[in-house]
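The values are calculated or read from the model by the stated rules, or taken from the named source; none is laboratory data. All figures in this text were calculated on a predicted structure; none of them were measured in a lab. A quick note on method: Cβ atoms are made from the backbone with ideal geometry, for glycine too, and the neighbour counts reach across all protein chains shown. The area values use the complete protein model at the heavy-atom level, side chains included, leaving out ligands, DNA and RNA. Shrake-Rupley method; radii C 1.70, N 1.55, O 1.52, S 1.80 Å.
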Amino acid sequence: MKIAINGACGRMGQAVEKAAQEAGVEVALRIDVSGDGTVRSLTTKVDALVDFSTPDAALQRLEECVRTKTPAVICTTGFTPAQQAKIPEAAKSIPVVFSSNMSVGVNLLFKKVPEIAKILGPSYDIDIVETHHRFKKDAPSGTAKTLAERIEAATGRKPNVPSVRSGDVVGDHRVIFGTLGDSIEIVHRASTRDIFAKGSIEAAKWASKASPGLYTMLDVIG
């Protein structure tokens with residue numbers, strides 16, 4: 001299997017290349033705006049493209065994926081509503097796995113936390129506190145936004161979502177349910193970027209065999 005990495009020079013791009021090597025997947029193309037050995041567009045036929053870049057760069061590659069019928073795994077966050085609306089349109093032509101977090105653990109939170117929020121009911125306050133390294137550009141994180149959106153869809157309530165940017169934290173997400181007398185906290189803590197990179201490789205394998213459509217990591221892990 002051959003993949004392209006968009007954002008190959010970034011922290012996550014480098015982690016994806018390492019994960020690909022460990023999984024026996026060939027990185028046939030490294031795409032970035034700068035850096036030795038990288039190019040600026042999808043110039044080689046591959047089985048899937050993995051994107052950890054910026055919203056603008058992700059959408060540029062997505063257009064190229066549509067033209068070349070290349071499955072895409074979009075892991076970038078920080079899209080505006082107008083930008084994000086272009087992703088389902090592309091998925092009419094190619095398989096697109098679009099997820100704010102590629103970790104199996106976080107996707108379990110996506111599935112179960114809304115159920116918990118619904119059971120606890122309106123007497124519990126809901127807060128999602130997310131912490132990331134000082135270089136992360138978007139806030140709140142895409143993961144926190146997804147958690148909040150899924151909770152709102154299940155309960156009709158919008159959680160508070162404060163963000164912390166500090167040091168070199170890979171990614172911490174705390175969902176806090178609090179009422180008078182007790183509180184419940186659900187925590188996911190990422191200690192390495194490798195979990196996201198490995199998840200993206202699994203998503204690329206899955207997407208390479210999928211029919212056109214818009215999918216999430218929940219589809220990949222079943």
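Here are some notes:
- Some residue of region 69-79 being within 19 Å of A139 (Cα to Cα), at pLDDT 95 or above and of a type in the set (G, A, S): no
- Among the residues of region 1-18, those identified as open to solvent by 20 Å² or more (accessible area, probe 1.4 Å) and either free of Cβ contacts under 8 Å to residues at least 40 places away in the same chain or of a type outside the set (K, R) (or both) are M1, C9, G10, M12, Q14, E17.
- Test: residue in region 109-130 that is among the charged types (D, E, K, R), farther than 20 Å from P159 by Cβ and at pLDDT 95 or above: no
- Qualifying residue in region 82-97 (condition: of a type outside the set (G, A, S), at pLDDT below 95 and within 17 Å of A204 (Cα to Cα)): no
- Condition check for Q21: open to solvent by 40 Å² or more (accessible area, probe 1.4 Å), modelled with pLDDT of 95 or more and not charged (D, E, K, R): yes
- Where strands (runs of 3 or more DSSP E) fall wholly inside region 91-189, the ranges with 1 or more residues that are touching a residue at least 40 places away in the same chain (Cβ under 8 Å) and of a type in the set (V, I, T) are 95-98, 125-132, 171-179.
- Boolean, V46 is among the aliphatic types (A, V, I, L, M), in contact with a Ser or Thr (Cβ under 7 Å, 6 or more places away or on another chain) and in a loop (DSSP other than H, G, I, E, B): yes
- Here region 143-171 is the region considered, the condition is being within 19 Å of A117 (Cβ to Cβ) and small (G, A, S), and the residue that is surrounded by the most Cβ atoms within 10 Å (Cβ to Cβ) is A144.
- On inspection, R174 fails the criterion of being within 18 Å of L218 (Cα to Cα), open to solvent by 10 Å² or more (accessible area, probe 1.4 Å) and at pLDDT 95 or above.
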